[in-house]
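Report on the following structure.
The numbers here are math on the coordinates, done by the rules we state, and not lab data. Nothing here was measured: the structure is a model prediction, and the numbers come from that model. Quick reminder, even Gly has a Cβ in these numbers, built from the backbone with ideal geometry, and neighbours come from all protein chains shown.
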Amino acid sequence: MRLIGIEIEKYACLERCLVPMDSGIRLLVGKNNSGKTALLRALEALRLLPFVGRGSVEGVTLGRYCQVREPYPRYQLSFDFEYDAEDEGLLPAGVIAWPSFKAAKSRHWRFLFTVVPQYGSMLLGGVSLLIDSERVVVLESRKGDVLQPVYNASGQTVQNQQIFTKSGSGTADGHILHDYSFSGIFSAFEPLRNTRMVSAHRVVRSNLQLQALDTLSESAESLAPFLDTILSNERDKFDEIQSVVVGIFPEFKLVNPEKHAQQGVSISLTNRITGERIPLTHCGTGVEQVLAIAAFVLTARPGTTILLDEPHSYLHPIAERQLVRFLNSHSEHRYFIATHSAVFIDAVTPDRILALGESINPGRDLSNPSPVAGLLHSLGYRNSDLLFNDRLILIEGESDQEILPLLLALNPLLLRGALDRTGFPVMEGEGRLRSQQRSLLYWERFLSQLGKGTVPRVYLFDGGSVDEDRKLLHKSSVFSTETPALLRFLAMNEIENYLLVPEAILAAMKEMTAFQGEGTPTPEVDDLRKKIGDILGQEQNQKLYPNGPGDEPFRMVKGSVLLELLFDEYGLRYEKRKVGRLIATKLSAESQPRLKEIWDLFPLDFLPHS
C-alpha cells in the first residue's frame, strides 16, 4: 500500500484540492490569499489522525479555516493509496474472486476522515476500494461502531461484520471519538503522524530560560534552549546544523548556544576572521532563518512531512539556492513549501508545483507522473515565467521580451496597470526547440503541468514566418474555439522593424556615445535617415531580406540586421536586446504610428482598454 495523494475538501478557499504525497519537495504557489498557508494548516492535521499516540495542533486556528461550521467546524481528508499484491489479506471476503477485480487496470484504496479541530482528532468516515471506476465499501463507519461488509461472488452484501466497537468521548452530534492501532488496513498511516509545521513567522527569542527541549516550536522562538539540548545530547546532529549555517554564511565558523546568569540561554555566532562572538540578533535575519530551518530538518525523524511556510524570507538569491540544495540533499523527508520565490520555483520540475487559485483537476492520475515535466525543465523552461501572471504573451526571442512591453505601454487607450500581471515568456532561444510548432506544443504541455491551462494567452510570432508555417500553426488544435489561446503574427518581419525611427535611434546613439566617453560624433537626423534608406536599398542582401524585399522593403527587412549595420557605420556596438530596449524607450505613439498594428493584435478583453 503506497500513499499517492490526499484530497482536501471545503477548507478555507479550497473547495476540493488533490495534493500529491510523494517524497521530496512539493511547492505551493499562488497569489496572496490563494490558500497556500491554509493548505499547510490543513495538512498539519495529519498529526490528529485517530491512532494511538496522536499529536496535537492549535485547534482554534485550524477551525477558523473550516467552511462547514455546524454543529462544529470540520473538513474532510481523503487518502488515496495504491493497491498492491500484499494487500490481498485486507480485502473483504469474496472480492478477490470478482471478474471485475481480476480484470481491473487500476485499484486504489480510499480512506475518508473528517477533521474535527476542537476535539483534537479525526472521525473515520470509511474505507473503499476503487476498482477502475467501481467503488467497493471495505469499512463503513457509523456513530457507534465500524462494520466490514461480506460480499458474495456476485458482489452483493451478504452480511456486515462488526470490526470495531467505539468507546470514549463524543462530538456534539453523537459521533464517538476512537483511537485505532497502526495495524492491518491502517498500517500505512504510521509515518504520517510525523508531521511538522514551520511557521512563516520565525522569530528566535534572544534569551530564554535554560531547559531541556526535544521539540522546536513552529515559530522557532525556542531555538536557543533547543540547540543547547541538541549540543548536549546529540553533538553529531548539532555539528550538522552548524555546518549548514557556516556553509551558506562563510563569514561565520561556529554556532554557540550561550548560557547566562539566572539560567538563561541565547545564541551567538563566531566571526571566522576576528573570532568575535556576535549575538544572533545582530547577524541578520537571513542567518536566523537558515539556522531555524536547518534545525527543523536535521532533527526531524526520517520520513517526516515538513510543512514549510516561506523559507525564502530575508534570503539573498544565492542563499536561497543553497537552501534548496540543502533540502534536496535530505530527501528522506517530504516537504510542502509555500513560496513566492522564483529561485525555489525554477529549482524544481513543473510537476513538483501545485498552483493554487487556478483550476485544479482532482481526478488526474498522480501515480504516473508525466515525463514531459522533467524534459521541459532540462530544456531550460522556467516555471516562474508562467506562474506569476494573469495573462501571457509568448514571444519568439529575448529582444521581444524587452521591447514588446514598452511598445504596448505606449498605447494611450490601455488601462493603467493592464500590463502589471502580463507575462512575456520566450518560446525559443538557446537550448530550446527551434521548430515553431514543436515549441508551441511544448509550451502548452508546460502550462498543463503547472495547472495554468486556463490562463488567457497569445502566441506572437514574427512577421517573417513563411506562409507554410502560418498555415500549419493555424491548423493546430491549440487554437480551437474551446481554448483560451490565440495565434498572432507581427505585420513586419520582427519587432525591431518598429524601432526604425531616425529620431529615436539618434537619441539612443547620443546616450551611448555619452556613456562610452570616446568622443564619437553622432550624426544629424537627416544623415541617419539617409543611411537607413541606403541599407534598405540593399535588396540583394539575403541577410537583410531572408524572404526577399517584396513590395514594402521596410516591412520585409530584418530590422535587427539593419540596426547592426547602422550602428557599425558610426562605430557603436549593437547588442540586440539592450540597444533594442534603449531605442524603444525613445519612441512615442506620435513618432511611430505603426505601433497601432501591434496594439490591434490583442483583443480588448485580453488587454483592458479605457
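Sorted fewest first by neighbouring Cβ atoms within 10 angstrom, SER610, SER384, SER141, SER100 come out as SER610, SER100, SER384, SER141. Based on C-alpha pairs under 8 angstrom that are at least 6 apart in sequence, the range 202-299 has a relative contact order of 28 percent.
Our summary gives the chain a relative contact order of 11 percent, counting only alpha carbon pairs under 8 angstrom and 6 or more residues apart.
Counting beta carbons within 10 Å around each of THR285, THR481, THR171, THR585 and listing the fewest first gives the order THR481, THR585, THR285, THR171. Within the straight-line cut-off of under 19 Å between alpha carbons, the lysines reachable from LYS36 are LYS10, LYS452, sequence neighbours fewer than 8 places apart in one chain being disregarded. Model label sites at GLN542 and GLN159, defined 7 Å from Cα along the beta-carbon direction, differ in position by 8.8 nm.
Take the cross-link list LYS475/LYS558; LYS510/LYS578; LYS530/LYS596; LYS471/LYS596; LYS31/LYS576; LYS531/LYS558 and give me the ones stretching past 22 Å between alpha-carbons. Result: LYS475/LYS558; LYS530/LYS596; LYS471/LYS596; LYS31/LYS576 exceed 22 Å.
Each distinct pair of alpha carbons in the chain adds a 1/r term; the inverse of their mean, the Kirkwood radius, is 28.8 Å. Fewest-first ordering of SER222, SER121, SER331 by other beta carbons within 10 Å of each residue's beta carbon gives SER331, SER222, SER121. Here the dipole of the range 1-159 is about 580 debye; that uses its Cα centre as origin and unit charges on the Cβ of Lys and Arg (positive) and Asp and Glu (negative). Relative to the longest principal axis of the C-alpha atoms of the chain, give the angle of the C-alpha long axis of helix 398-409, reported between 0 and 90° and rounded to the nearest 10°. It works out to around 80 degrees. Between the helical axis of 502-516 and the longest alpha-carbon principal axis of the chain there is an angle of about 70 degrees. Over the chain, dividing the summed -39,500 (n - 2.57) contributions of all DSSP H runs of at least 4 residues by the number of residues returns a 222 nm mean residue ellipticity of -8500 deg cm²/dmol. Taking the C-alpha atoms only, the angle from helix 285-298 to the longest principal axis of the chain is near 40 degrees.
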